[in-house]
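Here is the structure we will look at, set down as structure tokens.
The values are calculated or read from the model by the stated rules, or taken from the named source; none is laboratory data. As the structure is a computational prediction, the values presented were derived from the model and not from experiment. Counting neighbours? That spans all protein chains shown, and the Cβs are built from the backbone with ideal geometry, glycine included. We work out accessible area using only protein heavy atoms, side chains counted, and drop any ligands, DNA or RNA first. Shrake-Rupley method; radii C 1.70, N 1.55, O 1.52, S 1.80 Å.
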Amino acid sequence: MVVGNKLQVLDALDVAKTQWYHFTAIIIAGMGFFTDAYDLFCISLVTKLLGRIYYHVDGAKSPGSLPPNVSAAVNGVAFCGTLAGQLFFGWLGDKLGRKKVYGMTLMLMVICSIASGLSFSSNPKAVMATLCFFRFWLGFGIGGDYPLSATIMSEYANKKTRGAFIAAVFAMQGFGILGGGIFAIIISAAFMASFHAPPYEVDPVGSTVPEADYVWRIVLMVGALPAALTYYWRLKMPETARYTALVAKNAKQAASDMSKVLQMDIEAEPQKIEQEKIRYGLFSKEFAKRHGLHLLGTTTTWFLLDIAFYSQNLFQKDIFSAIGWIPSAKTMNALEEVYKIARAQTLIALCSTVPGYWFTVAFIDIMGRFAIQLMGFFFMTVFMFALAIPYDHWIHKDNRIGFVVMYSLTFFFANFGPNATTFVVPAEIFPARLRSTCHGISAAAGKLGAMVGAFGFLYLAQNKDKAKADAGYPAGIGVKNSLIVLGVINALGFLFTFLVPESKGKSLEEMSGENENNGEGEAGASSSSSSNH
């Protein structure tokens, strides 16, 4: 493989020292994920409150809660939007360029975050319908952020620390979760101090103060703030050099853009661009031969991971109530419940979720993506089975803490493992003109898994005895068997990881085989070119 044939502007990016613009790119690209995580996190707090406000039943022993179909809609509609957004904007990002589409997704997120907090009406059905409508479009914007942020970061980064940079963008999710939790704690505490209310069992109606309706709206709307603040910088960011040079074929523009960013002189080399012959599409035999298995690997691993990752939301509430971190709903008033759940979730995030992300950032360019993903799936499998097989042992009061520790470790290894690497790899191994599309396809497969995880397990985990299942749900296979199924899913993820190539320390063009001019040459990923020239 000829390195001399490589455009100077791309080489300059590959060997650039880590500098200020790398960090601004992380913040600008990461803000979408901040909003994404903030929103996904907050909706679980909000649903509890919505149940109390809009679905209160006079004379009921426990506070009102959303009916299963409404709850599924509120939680699931954002996933549907995200999936659609990933595919649509992923494709658009390769068609129009990353930068043009990047401002659109952000604007959509900001407008829909604010609008979802303004779902006004006195009729519960109407509130839920408008809320679902805006959450769908919020998801659509967030979905667009996945392929674009990953692609932009990977195209801006240098070879040595590219993995860490893409993972750092993803790790902004950790801050989104913390931000959401801390903000919900502050708001609910402030409202509790101003508006006193008795617990539900003392006064069912009085336990939910009318002002509680503002709480969920404020929480949902504030999620848009950090994203709105980065809008200006997103518009100022130049198009990535790899898109301009390799896809739009404008070497001069690429060189001048990157000269500004890197603050050095780069010569434009239009003659090199014209040499490139290989132009195969996504559905061509050539793509299937070179990257077919890679795409299968990135989609299946992300799909399987997200089934396990999003099923945690189901167990979280049960686990908290079981350990006694959260008292039963009827002993609290509405705001107190928001406060307690937010506090518990923030603690879990602080102890297991956030550190996992940053472990990946620290080690991804040392251990490599492959090793981290295998290790993550391996430990997730082990811990799931360790929770499932002696499940009856964990239920006893004395063993609760052990259960929480094991449970936290599972999610530590999801984040220091496949949750981060499935996001990083698709942005590195495909050719520039299909990069954002392929990342979008992989991410959409993940969201499909998230739906299976969040809804499939909601029904599966119900008690085998219909009488003991949650109100409105059919009988399931029980929590123990659900955990065993999750263990098997993680084991499958371990196996499918073997389809994905290692991209550590290699340039993007080397991974995608974009440097060769002869169509017959082996794809760059598989040719044993030395990566440390």
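Annotations
- Potential lengthening of the chain between residue 60 and residue 129 amounts to 22.3 nm, from the contour at 0.36 nm per residue minus the alpha-carbon distance.
- Rg(Cα)/(2.2 N^0.38 Å) for segment 293-449, N = residue count: 1.19
- Cα-based values for segment 471-514, radius of gyration first and Dmax second, are 19.4, 56 Å.
- Alpha-carbon centroid distance for the pair segment 101-143 / segment 54-80, whole angstrom: 18 Å
- Distance between modelled label sites at residue 398 and residue 203, nm, 7 Å Cα→Cβ extension: 4.4 nm
- The C-alpha atoms of segment 394-467 occupy a region whose extents along the principal axes are 55, 29, 9 Å, arranged from largest to smallest.
- Take 373-381, 440-448, 483-491 and order them by the average number of nearby Cβ atoms within 10 Å per residue, most first; the result is 440-448, 373-381, 483-491.
- Of the solvent-accessible surface of segment 405-449, computed with a 1.4 Å probe over protein heavy atoms with every protein chain present, carbon and sulfur atoms account for 90 percent.
- Carbon/sulfur fraction of accessible area - segment 185-284, other protein chains in place, 1.4 Å, %: 63 percent
- The Rg/Rh ratio of segment 131-286, with both radii computed over alpha carbons and Rh defined as the Kirkwood radius, is 1.19.
- At q = 0.09, 0.12, 0.17 Å⁻¹, base-10 log of I(q)/I(0) for segment 1-148 (Debye sum, equal scatterers on each alpha carbon): -0.41, -0.62, -0.97
- Once the convex hull of all Cα atoms in segment 168-208 is built, its volume per residue stands at 69 Å³.
- Taking the empirical scaling 2.2 N^0.38 Å for compact globular proteins as reference, segment 78-187 has a Cα radius of gyration ratio of 1.24.
- Summed over all non-identical Cα pairs, the Kirkwood treatment of segment 1-79 gives a radius of 17.2 Å.
- Compactness of the chain, taken as the C-alpha radius of gyration over 2.2 N^0.38 Å, stands at 1.01.
- The residues of the chain expose on average 39 square angstrom of accessible surface per residue, using a 1.4 Å probe on protein heavy atoms.
- ³J(HN,Hα), Karplus 6.51/-1.76/1.60, whole Hz, each residue of segment 418-433, x for Gly, Pro: x, 4, 7, 5, 5, 7, 6, 4, x, 7, 10, 9, 9, x, 3, 7
- Fully extending the segment from residue 249 to residue 367 would add 39.0 nm, taking 0.36 nm per residue of separation and subtracting the current Cα-Cα distance.
- Stretching the chain fully between residue 477 and residue 221 yields a gain of 88.4 nm (0.36 nm per residue, less the alpha carbon separation).
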